[in-house]
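The structure under discussion appears below in the form of structure tokens.
The values are calculated or read from the model by the stated rules, or taken from the named source; none is laboratory data. Note that the structure is a prediction, hence the values are computed from the model and not measured. Cβ coordinates were reconstructed from backbone atoms using ideal geometry, including for glycine residues, and neighbour counts include every protein chain displayed. These area figures cover heavy atoms from the full protein model, side chains too; ligands, DNA and RNA do not enter into them. Shrake-Rupley method; radii C 1.70, N 1.55, O 1.52, S 1.80 Å.
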Amino acid sequence: MEQTFPRIEKLKSKQLIGQVFSKGKSVKKFPVLLLYYPLPTHYTTHKVAVSVPKRNFKKAVDRNRIKRLIREAYRTQKQIVYTPNHKKFAILFLYLGKEHKPYSKIQQAVNTLLHEIN
């Protein structure tokens with residue numbers, strides 16, 4: 001499996017994001033919260049989005065840095081979610097921390113969360 005994060009895997013649909021928030025389930029491992037919702041069968045891949053609240057990080061530079069770290073942690077470990085049964089999910093990562101955490105903490109949290117939804 002390739003370790004890329006192509007455009008087709010990005011969650012962009014407002015309708016689908018709304019379903020993830022309203023009907024989805026959540027799993028938390030500080031500093032990351034993972035919301036997920038099963039996708040219909042016609043989707044070929046998982047759809048993933050990352051969000052960092054402006055309330056906790058005022059500067060866009062800080063928010064973008066954290067989003068990059070979470071996307072990288074997902075990209076390197078996404079083979080965990082791709083199982084033989086291939087149930088597809090809309091996945092939304094939310095950063096809950098109020099300060100920067102090192103990449104190792106974020107990677108460990110994402111790894112734990114991906115194992116829990118699988």
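I want to confirm something. Restricting to the stretch 35-73 and keeping residues that are in a helix (DSSP H, G or I) and in contact with a His (Cβ under 8 Å, 6 or more places away or on another chain), which single residue is surrounded by the fewest Cβ atoms within 10 Å (Cβ to Cβ)? So that I can check it myself, show each step before the final result.
Looking only at the stretch 35-73, we keep the residues that are in a helix (DSSP H, G or I), and these are 60-73.
Pick out the ones that are also in contact with a His (Cβ under 8 Å, 6 or more places away or on another chain) and you get 62, 65-66.
On the way: Asp62: 15, Arg65: 13, Ile66: 22.
Among those that are in a helix (DSSP H, G or I) and in contact with a His (Cβ under 8 Å, 6 or more places away or on another chain), it is Arg65.
Has the stretch 100-109 got at least one residue that is crowded, with 16+ Cβ neighbours inside 10 Å, under 22 Å from Gln19 (Cβ atoms) and touching a residue at least 12 places away in the same chain (Cβ under 8 Å)?
Let us first name the residues in the stretch 100-109 that are crowded, with 16+ Cβ neighbours inside 10 Å, namely 101, 105-107, 109.
Checking the rest, the ones that are also under 22 Å from Gln19 (Cβ atoms) come to none.
Within the stretch 100-109 (the criterion being crowded, with 16+ Cβ neighbours inside 10 Å, under 22 Å from Gln19 (Cβ atoms) and touching a residue at least 12 places away in the same chain (Cβ under 8 Å)), the answer is no, since none of the residues qualifies.
I'm trying to understand the selection: among the residues of the stretch 1-34, which are open to solvent by 50 Å² or more (accessible area, probe 1.4 Å), acidic (Asp, Glu) and touching a strand residue (DSSP E or B) at 6+ places or on another chain (Cβ under 8 Å)?
If the condition is that a residue be open to solvent by 50 Å² or more (accessible area, probe 1.4 Å), acidic (Asp, Glu) and touching a strand residue (DSSP E or B) at 6+ places or on another chain (Cβ under 8 Å), then no residue fits.
What residue, of Lys12, Lys78, is basic (Lys, Arg) and at pLDDT 95 or above? Give the steps one after another, and end with the answer.
Values: Lys78 fails: at pLDDT 95 or above.
Of the residues listed, the single one that is basic (Lys, Arg) and at pLDDT 95 or above is Lys12.
Could you please find all residues in the stretch 74-87 being open to solvent by 20 Å² or more (accessible area, probe 1.4 Å) and part of a loop (DSSP other than H, G, I, E, B)? Lay out the reasoning, then the answer.
The initial filter retains those residues of the stretch 74-87 that are open to solvent by 20 Å² or more (accessible area, probe 1.4 Å), namely 75-76, 79-80, 82-87.
Hits for the stretch 74-87 are Tyr82, Thr83, Pro84, Asn85, His86, Lys87.
For the stretch 48-107, name all the residues that are within 14 Å of the chain's Cα centre (by Cα) and among the acidic types (Asp, Glu).
Answer for the stretch 48-107, where residues must be within 14 Å of the chain's Cα centre (by Cα) and among the acidic types (Asp, Glu): just Glu72.
Within the stretch 86-96, can one find any residue that is out of contact with any strand residue (DSSP E or B) (no Cβ under 7 Å at 6 or more places or on another chain) and either modelled with pLDDT of 95 or more or of a type in the set (Val, Ile, Thr) (or both)?
Checked against the condition, which is being out of contact with any strand residue (DSSP E or B) (no Cβ under 7 Å at 6 or more places or on another chain) and either modelled with pLDDT of 95 or more or of a type in the set (Val, Ile, Thr) (or both), the stretch 86-96 yields no hits at all.
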